[in-house]
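First comes the structure, then the notes that go with it.
Each value in this text was obtained by applying a stated rule to the coordinates, not by laboratory testing. Only a predicted model underlies this, so the values are computations on that prediction, with no experimental measurement involved. Backbone-built Cβ (ideal geometry, glycine too); neighbour counts: all protein chains shown.
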Amino acid sequence: MARQLMKGNVAIAEAALRAGLEAYFGYPITPQTELLEYLAQRMPELGRVFLQAESEIAAINMVYGAACAGARTMTSSSGPGMSLMQEGLSYIAGSDIPAVVVDVMRGGPGLGNIQPSQSDYFQVTRSAGHGDYHPIVLAPGSVQEAVDLTVLAFDLADHYRHLVILAADGLIGQMMEPCELPPMRPLPSSKPDYALTGAKDRPARRIASLYLKPEDGEAHNRKIQARLAQIRESEQRSVEHFTEDADFLVIGYGSAGRIAYSAVEAARAQGLRAGLFRPISLYPFPDIRLSQLLAQVEGCLVVEMNAGQMLEDVRLAAGHDLPVAFYGRMGGMVPTTEDVLSALKSAYSEFVAESAPVVGKVKG
Amino acid sequence: MSPIPMVPPAMEPVYQHPLALADVHTTYCPGCTHGIAHRLIAEAIDELGLRERAILVAPVGCAVFSYEYFNMDGCEAPHGRAPAMATGIKRCQPDQIVMTYQGDGDLASIGIGEAIHAASRAEPITIIFVNNAIYGMTGGQMAPTTLAGQKTTSSPAGRAIPIPGQPLHISELLAGLPGSAYVVRRSLHDAANIRKAKKAIVTALKVQMAGLGFSLVELLSSCPTNWGMTPPQALDWIKTNMLPIYPVGDYKIVEAAKQL
Ligand SMILES: Cc1ncc(C[n+]2csc(CCOP(=O)(O)OP(=O)(O)O)c2C)c(N)n1
Ligand code: SF4
C-alpha cells in the first residue's frame, strides 16, 4: 500500500478502525482531540459505534460495557483525562476483558499544559488504577510505529484478554509523517466466548471484578500475575542502534528516544562509541535485552521528557555497579539534540575509562 | 360429609419461581425490599420473554451481587457508572435488552452525571432505581435522598437541611429531560403498591423494546437494618415518611408509551 502523509493522532485512529475497532467512546482533550474528531467522521461511515461521552469517567465505563458485549473497543485521552479513567481501567483489568486506551501524553502535573511530555510513565506502567496489576504499555517513536503498535495493541488485548495502553507523547500525536496503513480487516463474524449477548441456549454469563472471599481474591490475583509473567517473558519489545561495539548506552523511548538517536549519531561522528536502546514496550519493560547490553557498557544515560521515571526501571536493570546518568526536560519542554549530546558527552567522559576509537562503520 | 378424596384434584400453580431469578441465596437482610424488587424484575422479564436477550448491569451497593441473582447475563459496574456501562453494551447490541439496577447512593449521588446524560441521550435502557433514603451497604450513611431530620451514621443529629441541602428528587429531575420516555415512581410498602410497581417495570421494559427512549422506575424501598427498625415498622416508615416527600406517580410518559 502507498505511503501517505498523516498526523499521528489521525493515523492511530485509522489504524484502529482497520484493526477492527467496533466501538469508540471518548472526550475531547488536547493533544489527542484529532483522534476523536477523525473517528466521529469515520466510524458512522462504516456503521460502527462512535459516541462522545460526557466525561472520561463515562467514556471508560462505556468502553467497559462495550468490552463486556464482546466488541473491539477503545478510548483515547491525555493526562487529566487519564487520571479520571483510573477506576474504570482497574475494573476492566480486574474483569479479564480486553480494551485499548491511547494516552497522548501532555505536560503535568495538574492542568499542566498541552505540550508534549512523557510524564505519565509511572501512571501507565505502574498500574493505571488501584490494585495489583499492570497494563501492557506500548510507546511509539514515529507515526509509522504508532500505526503498527495500534494494530498490535488490539491483538495483544484480545490474545491475553488484557488492558493495553498506547502511550504516545504529544509530539507523536501532533506531527505529520509518511506512513503505510495496514489493510482493512473484516470484523469478526462471531463474538468471543465471554461476551454478554443474552443467555440464549447457554448458561448465563457474568463479568465482574468482585471476589468477596479473600481466598478467591488471591486466586484471581494469582491468575493475573501468571498472565503478567507470561507477558513479561513473551512481549518485551525494543529497538537498538550502534550497540554492537558500544561502551556507553543511551536509553530513551518515544520522541525522547528519537532525539537521543540523533545525539548518539552525532556522538559517533565525534568518535564516541555510544549506542542507543529504545524500549517499545514500557510494560513489560524490556529488561532481558537491556541487561545484556548494560553488561557490555561502562555507563549509560537515560533521556526522558519527565523528571526521571523510566530511570527507575533502568536502575533496576543496571544493578549497583553500573553508573546511570539522567537527562530530562519537564512541563512540556522537548530536549534538543544538542542538549542530549552534551549530557551524553559529559556522562561519557565521566564513566568510560578510555574508549577505543570507532573502527569502520557500525550499522545504525 | 363427603369423604376426603385420596387423589387431589388437578391444581393450577399459583406460584412459581421465576425463570429469570437464579436459584441462589442472596446477601440481603431479612425483610429488605431489594428481594421484592428482584422478584418483580424477574417476573416482568419472564412475562415479556426477555430472559435470553437481557443483560443486567449491577451497581455498587447492597445489590452489588445482583448479577448473580438473575438467571441472565450480567455484569457489575463501578459505583455510579452503570448507565455508562449499559450505554456501551446497548450501543454495541441495540437489539438486546439492557437494564441497570441502582441504589440511591449509586445513582443519585456519585452517578448522577451518568444517569442524567443517559436520559438526555434518550439511551434506550431501563433503570430500576431503588430509593431507600440511605447508604445500605456501607452501614447507613446519609444519601442525597435521606429525608430532612432523618438520622443516619453520617447525620447523627438528623439531616440538617442547611448543611447537605434538601433531598434530591430523581424522578422529577429526569422526567424534565426530553430524552426520557418513561419515568415513574412506585413504592414497595404494601401488596397493592407492589402490584403497581410490577406493572411499571413491565411497561418500562416495553418502552425499551419499542425503542422509545430512556426509561426509569423509582422504587421506594426499605432498609430495616440501617433504619434500625423491624421489617413491618420499616414498611410503615415508607408509607408515613417517604411517601409525602416522594409521591408515587407518573412523572413522564411519552404519548407512544401510553399505547403500550
Ligand atoms: C468509588 C467508590 N466510592 C465508594 C464506595 C463505597 N460504597 C459502596 S456501596 C456505597 C453506597 C451504596 O448505597 P446505595 O447506592 O444507596 O445502595 P444500597 O446499599 O442502599 O442498596 C458506597 C459509598 C465504592 N465502592 N466505590
Ligand atoms: S443493609 Fe439495608 S438495603 Fe442493604 S440488604 Fe440490608 S436491609 Fe437491605
**Asked** Roughly how crowded by other chains is peptide A:139-147, in terms of the mean Cβ count from those chains within 10 Å of each of its Cβ atoms?
**Response** 0
**Note, ³J(HN,Hα) from phi for segment B:118-127, Karplus 6.51, -1.76, 1.60, rounded to Hz, x at Gly and Pro** = 5, 5, 5, 7, 6, 4, x, 10, 10, 10
**Prompt:** Just how large is the dipole of segment B:34-259 about the Cα centre, in debye to the nearest 20, putting +1 at every Lys and Arg Cβ and -1 at every Asp and Glu Cβ?
**Reply:** 340
**Item:** Residue mean of other protein chain beta carbons inside 10 Å, A:46-58
**Value:** 4
**Prompt:** Once every DSSP H run of n ≥ 4 in chain A is given -39500 (n - 2.57) and the sum is divided by its residues, what mean residue ellipticity at 222 nm do you get, rounded to the nearest 500 deg cm²/dmol?
**Reply:** -13500 deg cm²/dmol
**Request:** Assign one of three labels to segment A:221-364, namely rounded, prolate or oblate, based on the Cα gyration tensor with a ≥ b ≥ c the square roots of its eigenvalues; rounded applies when a/c is under 1.5, prolate when it is not and a/b is larger than b/c, and oblate otherwise.
**Result:** prolate
**Asked** Given a Förster distance of 22 angstrom, what is the FRET efficiency for A:Leu111 paired with A:Gln52, based on the Cβ-Cβ distance and rounded to 0.05?
**Response** 0.55
**Complete:** Listed by chain and number, the residues whose amide H is under 5 Å from that of A:Phe50, excluding neighbours fewer than 5 places away on the same chain and using placed H, are A:Tyr24
**Message:** Within segment B:107-134, list the residues whose amide N lies under 14 Å from a label point set 7 Å along Cα→Cβ of B:Gln259.
**Reply:** none
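Just list whichever of B:Lys199/B:Lys239; A:Lys200/B:Lys198; A:Lys191/B:Lys90; A:Lys200/B:Lys199; B:Lys196/B:Lys258 have alpha carbons separated by over 18 Å in the model shown. Walk me through the numbers on the way to the answer.
On the way: B:Lys199/B:Lys239 20 Å; A:Lys200/B:Lys198 24 Å; A:Lys191/B:Lys90 15 Å; A:Lys200/B:Lys199 25 Å; B:Lys196/B:Lys258 15 Å.
Table pairs above 18 Å Cα-Cα are B:Lys199/B:Lys239; A:Lys200/B:Lys198; A:Lys200/B:Lys199.
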**Asked** Once you charge only the Cβ atoms, +1 for Lys and Arg and -1 for Asp and Glu, what is the size of the charge dipole of segment B:1-129 about its Cα centre, to the nearest 20 debye?
**Response** 240
**Message:** Bin width 10 Å, origin at 0, all Cα-Cα pairs of chain A: what percent of pairs per bin?
**Reply:** 5, 25, 32, 23, 11, 4, 1, 0
**Farthest toward positive dipole pole in segment B:34-259 [+1 Lys/Arg, -1 Asp/Glu at C-beta], among B:Met137, B:Ser221, B:Tyr67** = B:Ser221
**Message:** How big is the dipole moment of segment A:239-363 about its Cα centre under a simple scheme where the beta carbon of each Lys and Arg is +1, that of each Asp and Glu is -1, and everything else is neutral? Debye, nearest 20, please.
**Reply:** 360
**Prompt:** Farthest toward the dipole's positive end in segment A:147-303, which of A:Ser281, A:Ile165, A:Leu196, given Cβ charges of +1 (Lys, Arg) and -1 (Asp, Glu) about the Cα centre?
**Reply:** A:Leu196
**Asked** How do A:238-244, A:45-51, A:166-172 rank on mean C-beta neighbours within 10 Å, highest first?
**Response** A:166-172, A:238-244, A:45-51
**Item:** Cα gyration tensor of the protein assembly as shown - equivalent ellipsoid semi-axes, whole Å, descending
**Value:** 55, 24, 22
**Request:** Report, to the nearest 10°, how far helix A:79-94 tilts away from the longest principal axis of the Cα atoms in chain A, using its own Cα long axis and a range of 0 to 90°.
**Result:** 60
**Item:** Using a Förster distance of 60 Å, the FRET efficiency for A:Met333-B:Tyr15 (Cβ separation, nearest 0.05)
**Value:** 0.25
**Message:** Projecting each Cα onto the charge dipole of segment A:1-110 (Lys/Arg +1, Asp/Glu -1 at the beta carbon, about the Cα centre), which of A:Ala16, A:Gln86, A:Phe50 comes out farthest on the positive side?
**Reply:** A:Ala16
**Request:** Averaging sequence separations of C-alpha pairs under 8 Å and six or more residues apart, then dividing by the length of chain A, give the relative contact order as a whole percent.
**Result:** 18
**Prompt:** For peptide A:93-105, how many partner chain Cβ atoms fall within 10 Å of a residue's Cβ, on average?
**Reply:** 0
**Request:** Place a label point 7 angstrom from the Cα of A:Glu37 along the Cα-to-Cβ direction, then list the residues of segment A:160-193 whose backbone nitrogen is under 16 Å away.
**Result:** A:173-176
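Would you mind putting A:320-327, A:215-222 in packing order, based on average other-beta-carbon counts within 10 Å, highest first?
A:320-327, A:215-222
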**Request:** Kindly express, to the nearest 10 degrees and within the range 0 to 90, the angle between helix A:8-18's C-alpha long axis and the longest C-alpha principal axis of chain A.
**Result:** 40
**Prompt:** What length, rounded to one decimal in nm, is gained on full extension from A:Arg202 through to A:Gln292, with 0.36 nm per residue of separation minus their alpha-carbon distance?
**Reply:** 27.3 nm
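How do the peptides A:336-343, B:181-188 rank, highest first, by the average count of neighbouring beta carbon atoms within 10 Å per residue?
Order by mean packing, descending: B:181-188, A:336-343.
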**Message:** With a cut-off of 8 Å between alpha carbons and a minimum separation of six or more residues, what is the relative contact order of chain B in percent?
**Reply:** 18
